[in-house]
1. Quick one: what are the phi-derived ³J(HN,Hα) couplings along the range 111-118, Karplus 6.51/-1.76/1.60 with θ = phi - 60°, whole Hz, x for glycine and proline?
2. I need the phi-derived Karplus couplings for the range 35-46: 6.51 cos²θ - 1.76 cosθ + 1.60, θ = phi - 60°, integer Hz, Gly and Pro marked x.
3. Skipping prolines and chain starts, which residues have an amide H placed within reach, meaning under 5 Å, of the one on A121, given they are 5 or more residues away or on another chain?
4. Cα gyration tensor of the range 58-99, axes a ≥ b ≥ c as square roots of the eigenvalues: rounded (a/c below 1.5), prolate (a/b > b/c) or oblate?
Amino acid sequence: MDNKVELSAFYSETDFVILDDPPIIMRVGERHDGVRLLLQSFAVDTAVFLSGVNPVAVCSSEDERIDRQMQLLSLVEEERLNYFIAMAEHPLSGWTQQSYFVLGVNKSQAADWAATFQQRAYIWIPPSGIPELILKD
């Protein structure tokens, strides 16, 4: 996907799954009561759904993906933030991407982490609890 229109359309069709019990499936722009309750239960207003893998849409080896996810997890743990393991899944193409749903991260920090891991996009959860797609230039 070379342009923002294609990328935006792709992400609007993607399920963003928080691997809780039961799993919470978010969609961009759609309110989900489970997401709002999750934010409330951890006494936070915001969250981010972010991956460390697949930098600038370049596929990497399994070892590289694991290493990048561990680097992202280290940043999350350094900040002592609560998180859930998560998965992005595009049902039509079969594409999946390991991710984290990080609670209580601020928008600036989320953008910094996305830049650090060369992500073209991430999902921001504002106080409204409605997931927003953030596309990087």
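Coordinate-derived values only; no laboratory data. Since the model is a prediction, treat every value here as computed from it, not as a measurement.
1. Values, residue by residue: 5, 4, 5, 4, 5, 4, 9, 6 Hz.
2. Karplus-based 3J(HN,Hα) across the range 35-46 equals 5, 4, 5, 5, 4, 5, 5, 9, 6, 10, 9, 9 Hz.
3. K136
4. The shape class here is oblate.
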